[in-house]
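First up is the structure itself, then whatever we jot down about it.
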Amino acid sequence: MDISAHLQGILDTAPTRPGCYIMKDNQGNVIYVGKAINLRNRLRSYFHASAQEDRKTRSLVRNIQDIEWIVVGSELEALILEMNLIKKHRPHYNVRLKDDKRYPYIKVDWNSDYPKVTVTRQTPEDGSRYYGPYTSVWAVHQTLDVLRRIFPYLTCDREISGKDTRACLYYDIKLCLAPCIGAVNRDEYRQMIDDLGKFLEGRTEPIVERLRSEMERAAEELKFERAAALRDQVQAIGQVVERQKIIFTSDYVDSDVVAMARSNGDACVQIFFIRGGKLIGREYFLMEGAEDTPDADVLAGFIKQFYNQAPRVPSQVLLPQEIEEMRIIHEWLNTQRGGQKVELRIPREGQQQDLVRMAAENASETLSALKAQWEADSHRQEQSLAELQAAFNLAAPPNRIECYDISNTQGTAAVGSMVVFEQGTPKKAHYRRFNIRSVSGPDDFASMEEVLTRRFNRWKGAQEMAQTPGSKPDPAFALLPDLLLVDGGKGQLGRGMAVLERFGLSGQFAIAGLAKQNEELFVPGRSDPILLPRHSQGLYLVQRVRDEAHRYAITSHRQRRQQITVISLLDGIPGIGPSRRKALLTHFGHLDAIRQASLEDLLKVSGITIKLAQAIQEHLSE
């Protein structure tokens, strides 16, 4: 095949050492990341005639305009760098976890005397223990609802001294042990949290045995209320455990069972988590970029990306087949487990093979259900857009809908929101917030005018930047909407129309003011509003867009209001100016952390002296 002189020069000068390569298109976007033991040989292989027989490779090579490489010391270093580059750039031709979001985990903070149980998407090595991952925050909270009835852990922000005069309502409804009033001591509370962790790991037998012993001892000591509470706890654990399928004996090594299903380019990976011999949970994950990619490569991509962010790796991973780069992935998994051995197994018979088969069947059923849901959602989206097209008399369905809302508290910390829906679904990467600058007092109309003026100024700037080679305008502002909604009815519509007129955009797209009370849509040139039929998909979409703009505006307003409060509190401390205030917030993250910091912690911040640290503590304690 024909190769440009630029690419031929890169192939001729590429090093023969291990490393990663980054392929880019004519816009400078990263489209593929790979690794190689010998970079020159690997890069040349893409342009051989044999490689062109693969459709995906053929499409990739057609789009390569530039190649960069990074040399490393070993194949293992290349594997780690490749994973990080894929996570950073999300190249189109790489297999990758869909959305590549950090999945939610249950976090137990053991750095505290009274450990808190929270939900997080970050898993730093900070001494906490993490359990998961879960594919949705909803699934995490469902789990926590069960856990809290069995292990009533703290959820408040009280500083626990054990000397409070009364507990909160949660103690009365048996959802907290109330260490705040000394109902349990530190060791008893920590023991309960340790039990909670073992429960999440599927190790319930030791917990039940100990609780039964404590129950019998309490009964012998005539502490009947305590004995009854322990009995209820044992029964609650039993009810949950009954739903967990016993797979092996309790001394069986902890394992993850991985299998996959595919359909028309989509790939769904299912994992069963086996802990303490029991199937304690399962999750599914969707893969992107899997079309025309062999199963072995898809599974390898999943294993690398999943365990790169997982807080722990089990002793054994059961797979349906050999995976690409199995030897080096096995070496890497051992390092992920702190040097302890991880076994990658492809079971050929017996119960382990049955488990892999069952995981594959679950993956297939999950993928079928998801595809049915996607088709139903797609139909609803098409229907809603068609209804809006008819209602606004548009030439085509409104592919891009923008909605704007204003949020403030008596005129302070005013913020405008811009949310974007494309093809009936949120385009969150294009959401933007505007801190209102030119308006004083609670004037939503003037605030909306400022927001729209700034939005279309950005559009104008994006058009000018597009004429400059190499410049990259903000994609959120580079496009015009097909339908623009302003929350607030006729008054806000008038301000919006005035802005469009100033920018010469009148009539270029539809605009409407949405009145909340009766969901009326006011449009230019009509005295009576558009009323979409109740229970219509078009109305549901308009409501969803409006509600999302409202939610985003309120969230942004709260953040700004909190920021202003923090700044004003810190500015009230003599000796704390903008640079020291910034240093404090950068170091601690938020005001509560500064308030709770010790003198030693405060002195770690650049520019904070012992005198200033004492002043900070005194001021914030008031």
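General remarks:
- Those residues of region 88-122 which are modelled with pLDDT under 85, in contact with a helix residue (DSSP H, G or I) (Cβ under 7 Å, 6 or more places away or on another chain) and over 15 Å from Asp194 (Cα atoms), in sequence order: Leu97, Asp100, Arg102, Pro104, Val119
- Count of region 279-308 residues which are surrounded by 21 or more Cβ atoms within 10 Å (Cβ to Cβ) and among the charged types (D, E, K, R): 1
- Matching residues, region 309-325, being modelled with pLDDT of 90 or more, buried (at least 17 other Cβ atoms within 10 Å of the Cβ) and farther than 23 Å from Gly197 by Cβ: Leu318, Leu319, Pro320
- Cβ-Cβ distances below 6 Å connect no pair with a first residue in region 277-299 that is of a type in the set (S, T, N, Q), a second residue that is part of a helix (DSSP H, G or I) and at pLDDT below 85, and a separation of six or more residues or different chains.
- Consider region 416-442 and keep the residues that are closer than 27 Å to Leu539 by Cβ and of a type in the set (A, V, I, L, M). The one that is nearest to the chain's Cα centre (by Cα) is Ala429.
- In region 179-196, the residues that are within 21 Å of Tyr130 (Cα to Cα) and either touching a Gly at 6+ places or on another chain (Cβ under 6 Å) or among the β-branched types (Val, Ile, Thr) (or both): Ile193
- Taking every residue in region 180-194 that is closer than 17 Å to Trp110 by Cα and in the same structural domain as Trp110 (by TED's automatic domain parsing) and pairing it with any residue that is of a type in the set (Ser, Thr, Tyr) and not in a helix (DSSP H, G or I), at least 6 positions away or on another chain, the pairs with Cβ-Cβ distances below 6 Å are Tyr189/Tyr114.
- Qualifying residue in region 466-473 (condition: assigned to a loop (DSSP other than H, G, I, E, B) and closer than 24 Å to Ser407 by Cα): no
- Matching residues in region 134-184 - criterion: being assigned to a helix (DSSP H, G or I) and surrounded by fewer than 12 Cβ atoms within 10 Å (Cβ to Cβ): Trp138, Asp145, Leu169, Asp172
- Note on region 463-493: residues that are over 25 Å from Asn393 (Cβ atoms), hydrophobic (A, V, I, L, M, F, W, C) and either at pLDDT 85 or above or not assigned by TED's automatic domain parsing to the domain that holds Ala414 (or both) total 3.
- Total residues in region 88-121 satisfying the condition of being assigned to a helix (DSSP H, G or I) and surrounded by fewer than 16 Cβ atoms within 10 Å (Cβ to Cβ): the figure is 4.
- Region 61-80, residues that are under 30 Å from Ala49 (Cβ atoms), hydrophobic (A, V, I, L, M, F, W, C) and assigned to a helix (DSSP H, G or I): Val61, Ala78, Leu79
- Out of Tyr32, Tyr46, sole residue that is touching a residue at least 40 places away in the same chain (Cβ under 8 Å) and crowded, with 19+ Cβ neighbours inside 10 Å: Tyr32
The values are calculated or read from the model by the stated rules, or taken from the named source; none is laboratory data. All figures in this text were calculated on a predicted structure; none of them were measured in a lab. Note that each Cβ is placed from the backbone with ideal geometry, even for glycine, and that neighbours are counted across all protein chains shown.
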